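Since the structure comes first, as structure tokens, the remarks are kept for the end.
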Amino acid sequence: MGGGIPVGGIVMVMEDLEAPHHMMLLRYFMAQGLAHAQPLLFASPLFSPRCFLGTLPGLATGNESKDPRNSTETNQKGDKLRIAWQYRRFLAEQQELADRRQKQQELTELRSRSALEQKRPSLQVQHYSSRFDLRRPMERALINTETVECICLQGSDMLSQLQEKCATFCNQLSRFDSGPQQVGRIALQSLCSPQCMLLLSEWEMMAFLHQLKSTLRMARAVAFISFPPALLRPSFTARWQHLADILLSVEAVEDDDKTLDAMLTDYRDIIGFLRVHKLASINTQVPAVPKAGSYAMKVLKKKKLILEQLQQAPIDAAGDQSGGAAGLLCAKPANAPSRLDF
Amino acid sequence: MLGLAEPFSHYARIARKQGCNLQTMRDSGRLVFLEQSQFLSLQRNGKDEGSSATSFSDNPLAAVYLKVREAARGNMEVNSATEGAVHTCVMIDDASVLDIIAGGNHNFVLDFLHYCRALSVRKQRCSVVLLTHQDVYEEPPAFSMNLALEYVSDTVVTVEPLSTGLAVDVHGQVTILHRTVQMEYQRLKSKPRSRIQKYQFRILESTVQFFRPGQL
């Protein structure tokens with residue numbers, strides 16, 4: 001999907017007020033970061049954000065989690081064959097691409113500075129396509145590390161605190177450092193929910209977001225922000241959307257929607273829709289056009305989250321008005337020897 | 001150039017693909033790039049739109065203007081030394097960020113733009129090119145901004161996606177509206193054309209293709 005989250009980019013998810021699907025994406029985003037032992041900064045309007053970390057999905061065991069680097073070819077083949085591709089794979093590919101890009105950048109920087117004979121630290125082999133089990137909680141050891149920070153988005157000086165934390169977080173991951181290369185993740189949940197907007201004007205929030213964007217661009221970090229657009233004024237929603245590099249939205253499905261049921265083959269399994277509005281185009285002027293605008297979100301066996309391109313059931317030609325015309329156009333000539341000759 | 005939306009490297013990389021090296025221009029002083037991070041801290045705290053104070057010193061954009069003026073004047077010295085082109089152009093990428101620096105006071109933004117327009121270098125007025133988003137001004141307090149911006153401009157270029165959605169071959173359509181008589185006259189001298197021109201476009205890595213609708 002457009003090559004993934006570029007380092008220094010902002011992913012925004014527009015929440016649906018009636019469904020918590022954005023939390024699912026957030027969980028996967030954070031869990032993937034923790035699985036790689038990447039620094040994480042999590043801010044939420046919940047009273048105890050650290051408790052939320054307990055709900056992150058744990059790594060699936062067994063021979064499922066393979067290292068994609070060792071078996072790239074087979075994986076590519078598998079990708080082609082598999083129609084339903086999974087979110088974690090998507091995330092993993094994104095991350096891999098982003099990291100590659102970043103490494104290239106690092107390399108060119110190193111060359112241009114002609115800082116030579118400096119041996120690059122041996123790259124850690126990371127399992128990018130970790131698989132997660134929604135039923136199993138994340139290992140405690142991964143959560144209780146020093147690199148994980150949590151902030152509660154309530155209180156009077158919340159924004160200044162958050163701003164400060166983000167700045168220090170990004171400073172630690174500055175692109176100009178030649179230390180171990182790690183990508184930090186910032187996850188901000190429901191940033192403009194009423195709890196955190198009590199004492200803030202929308203303009204201050206916008207200024208914070210712009211500040212965050214400019215610091216992110218200089219750091220090896222990505223941000224994942226979810227916000228409920230229904231709670232913002234339309235002009236501010238537009239501003240938030242312009243700010244995002246990748247813009248997604250989640251949507252709940254109604255339980256008994258007969259038209260959708262008729263259109264989609266596997267309507268019963270779908271819990272919601274994910275729509276892609278914008279893809280990142282940093283350092284290029286060509287806009288990235290997504291292959292598909294909407295994906296169906298499914299949970300398989302209460303275990304895996306799957307994103308799938310929408311598949312429409314073929315329309316029954318008999319009930320269709322245009323069937324007659326098509327039949328006429330594709331009909332065989334009168335003197336054709338067999339039924340199949342045109 | 002007032003780059004409020006992206007860092008310099010973003011612009012430099014795109015321009016390099018089009019055969020223009022911004023870095024050398026910046027080193028030689030022909031291009032002055034003002035970064036966003038210098039300005040966001042200027043935002044006034046706690047004040048919202050509708051405040052009565054509108055004097056120049058209260059305007060957080062005044063500091064931005066002073067920097068722009070300083071850059072333009074500095075540019076003049078460079079140009080006089082090299083005897084190159086003397087025309088100065090102020091480019092603002094995303095003027096909607098100016099609202100945020102001004103804390104939501106649109107009068108401040110209009111003041112700032114007026115000052116930029118009135119800026120002159122060697123008795124020649126600077127031209128101002130600014131990019132903004134139409135949809136952020138679609139609510140009552142800011143409703144007049146679109147009209148006000150259009151009123152002060154000589155040429156309005158509107159870029160919008162196709163109404164049928166995103167496509168790979170055609171990225172969108174652009175409408176060019178020439179507003180002033182002066183521009184009209186200049187154009188008419190060369191070739192008579194209508195006041196409104198409409199094209200579709202496709203963006204490539206190193207260029208942009210424009211074509212009339214349906215003539216791809």
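The values are calculated or read from the model by the stated rules, or taken from the named source; none is laboratory data. These figures come from a predicted structure and were not determined experimentally. Please note: Cβ atoms are built from the backbone with ideal geometry, for glycine as well, and neighbour counts cover all protein chains shown.
What residue, among those in segment A:125-167 that are surrounded by fewer than 16 Cβ atoms within 10 Å (Cβ to Cβ), of a type in the set (G, A, S) and part of a loop (DSSP other than H, G, I, E, B), is modelled with the lowest pLDDT? Taking the candidates together, the pick is A:S156. Filtering segment B:142-153 for residues that are within 14 Å of another protein chain (Cβ to nearest Cβ), within 30 Å of A:L279 (Cα to Cα) and more than 18 Å from the chain's Cα centre (by Cα) leaves a non-empty set.
Of everything in segment A:233-252 that is surrounded by fewer than 19 Cβ atoms within 10 Å (Cβ to Cβ) and closer than 16 Å to A:A296 by Cα, the residue that is farthest from the other protein chains (Cβ to nearest Cβ) is A:A252. Do you know which residues across segment A:52-83 are at pLDDT 50 or above, in a loop (DSSP other than H, G, I, E, B) and surrounded by 12 or more Cβ atoms within 10 Å (Cβ to Cβ)? Within segment A:52-83, A:T55, A:L56, A:A60 meet the criteria. In segment A:35-49 there is no residue matching the filter, namely being farther than 19 Å from A:A187 by Cα and modelled with pLDDT of 50 or more.
Filter segment A:32-51 down to the residues that are assigned to a helix (DSSP H, G or I) and touching a residue at least 40 places away in the same chain (Cβ under 8 Å), then identify the one that is surrounded by the most Cβ atoms within 10 Å (Cβ to Cβ).
Filtering first and then ranking leaves A:G33.
Scanning segment B:80-115 for residues that are in contact with a His (Cβ under 9 Å, 6 or more places away or on another chain) and modelled with pLDDT under 80 yields no hits at all.
Can you name the residue in segment B:1-37 that is in contact with a strand residue (DSSP E or B) (Cβ under 9 Å, 6 or more places away or on another chain), part of a loop (DSSP other than H, G, I, E, B) and more than 10 Å from every other protein chain (Cβ to nearest Cβ) and is also farthest from A:G8 (Cα to Cα) among such residues? The extreme case among them is B:M1. Against the criterion of being part of a loop (DSSP other than H, G, I, E, B) and among the charged types (D, E, K, R), A:K291 qualifies.
Applying a threshold of 7 Å to beta carbon distances and a minimum spacing of six or more residues, or different chains, the list of pairs starting in segment B:200-214 at a residue that is free of Cβ contacts under 8 Å to residues at least 12 places away in the same chain and more than 11 Å from chain A (Cβ to nearest Cβ) and ending at one that is surrounded by 12 or more Cβ atoms within 10 Å (Cβ to Cβ) and aromatic (F, W, Y) reads B:Q209/B:F201.
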